[in-house]
Amino acid sequence: MDAIANEPLFDGFEHHLRQQGYKRKTMQRALATCRRFLAHLTQHGMTLEQVTPDILEAYLIAQLQLFHQRHQRLPQGPNPWRERFNHGLPGLLRYALGQWPPKPVPTSEREAFYHRLTQDYAQWLCDVRGLAPQTITGLQAEATRFLHWLSRSAPDCPLRDLSVVQVDAWLTYRLANKRRPTKAHLVHTFRNFLRWLHHQGIITCALARAVTAPSLYALESLPCALSRDDIDRVLQQTQHDQTPRGLRDFAIFTLLATYGLRAGEIVTLRLEDVDWRGERLFIRHSKTGRQTVLPLLASVGEAIVAYLRRGRPQTPARELFIRVKAPYQSFHDGSSLHTLVTRRLQRAGIEPQGKHGPHAFRHAHALRLLRHGVPLKTIGDVLGHQAPTSTTVYLRLAMEDLRTVALDIPLRPEALS
C-alpha cells in the first residue's frame, strides 16, 4: 500500500471528516497521524485489513518510545499520549473496514461453541419469548459474561458438568458491591439462562432452582419526581442558554416536561416524526415497540424549531437531537441523557431526593395528569404503558391528595382517659 494508492482513501476519509463537522486543524492532525500509520504498515508489508487491536497497540507503544528517544521526555499537554498518537486512527479503520474494533474471533473450539450458544440463546429469546431487541441484547450480554468467566475460572470443566459450586462462585463474583435491586435483576437474568441451558439439554441439572434472589417488595419505595417549581426553574435556566447546546437541551427538557417521554424515546426521535402540518408527534415507545401519536403543542414546536434553525448542526443523520461536538451523531441510547439532565439540574440549583435523571420528569408528568383527574387508563396510554400495574405505581406519588380523602378515626372513650 504505497502513498499514491492511499490518496483515494485519504480523499474519501477527509470528506467523511468534513461531513462529521470536524474543524480544519483537527482534520489536518488526524490525517497526518493516519499517514504515519499507513507508512508504518507499508514499511512492514501490511495492509489495513490485516490490522488487529494488538498490532495497533504495538504501534502506539513504538510511537511513544520514539518520542521519548527524540525529546528525552514523555509527551506533555492535556491529552494523554495514547490519544495523541491514536488521533484519527479508529475513525480511519472504521471508515476503511466498516467496523472497528473488529468482532473477536474465537481462538479455540470451546470459544466457538460458547459463541454459537449465545447466538442460539438470542434467537430463542426472539422467536419463542418475543422479547424486544434491547432486552435480548442485555440477556445475551449477561450470558456471554458468564461463559467468559467460566472459561477463565474452570477451563477444564465441560459446560454440561456445571455445578452449584460454580454457580455460587459466579454469583459471588458478579453481585459484589451491587445494590439489592441490581442483584435481583442480575439473578433473574442468570436464572433465565440456566433454565434455557437445561431445557436445551446442554446442562444435566436444573440449576435454576438453586439460584435465589434477594426479596423485592411491591410498592416498597416511592418513585422520584420533580416538583413543578423545580421543572419551571430548570426550564427557565436552560432557556437563557442560547448556544447550540442550550437550544438542544431546552427542546429535550420541553419534551420531558410536556409529555413525560422516556429518554430512549427522545434520542430515537427522527425528523420525520414531527408532522408540522398535522401538528402531531409520532413516538415509538422503546419498551413496548408500540407507537403513540401526540398533539404537537405550541411550546414544544417552538423549542424544536429554534433548535433546528440555530442549534442543530449540518449532518446526514435523521435523528432529531445531535451531539454538539464532532462527530455530529445521534445519542447512543437513552442513558446518554442522564449526564445532560444532571448537569442542568445542578446549574439550576436543584438537588432532588433520590434519582434525578430523565425519568424524574416522567414521574412528575404522570402525577400532574393524575391530579387533573385524568383516568389511569389514559395516563397509561400517553406514557406508553402496556400493563395497568405500570401506571398505578404513580398513585403513591399523590401523597397530599391521599391525605384529603383519609377517613377520620374516632377515638374510643377509654383512649382519652
Just one listed residue, out of GLY88, GLY77, is modelled with pLDDT of 85 or more and either in contact with a strand residue (DSSP E or B) (Cβ under 9 Å, 6 or more places away or on another chain) or not aromatic (Phe, Trp, Tyr) (or both), and it is GLY88
From (1) under 29 Å from CYS34 (Cα atoms); (2) over 22 Å from the mean Cα position of the chain (by Cα), pick out the condition that doesn't hold for PRO101.
(2)
Every listed condition ((1) more than 30 Å from LEU320 (Cα to Cα); (2) touching a residue at least 12 places away in the same chain (Cβ under 8 Å)) holds for VAL234 save (1)
Determine which member of the set LEU308, LEU269, LEU261 is of a type in the set (A, V, I, L, M, F, W, C), modelled with pLDDT of 90 or more and surrounded by 16 or more Cβ atoms within 10 Å (Cβ to Cβ).
LEU269
When the stretch 56-88 is checked residue by residue, the ones that are surrounded by 13 or more Cβ atoms within 10 Å (Cβ to Cβ) and not in a helix (DSSP H, G or I) are PRO75, HIS87, GLY88
Can you work out which of the residues in the stretch 139-181 that are of a type in the set (Ser, Thr, Tyr) and farther than 13 Å from TYR114 by Cα is modelled with the lowest pLDDT?
SER153
Subset of the stretch 6-55, residues farther than 30 Å from ARG312 by Cα and surrounded by fewer than 11 Cβ atoms within 10 Å (Cβ to Cβ), comes to GLU7, PRO8, GLN43, HIS44, GLY45, GLU49, GLN50, ASP54
The helices (runs of 4 or more DSSP H) lying entirely within the stretch 89-186 that contain at least 3 residues which are farther than 28 Å from SER215 by Cα are 89-97, 109-127, 133-153
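The values are calculated or read from the model by the stated rules, or taken from the named source; none is laboratory data. Keep in mind that this is a model prediction, so the values were computed, not measured. Quick reminder, even Gly has a Cβ in these numbers, built from the backbone with ideal geometry, and neighbours come from all protein chains shown.
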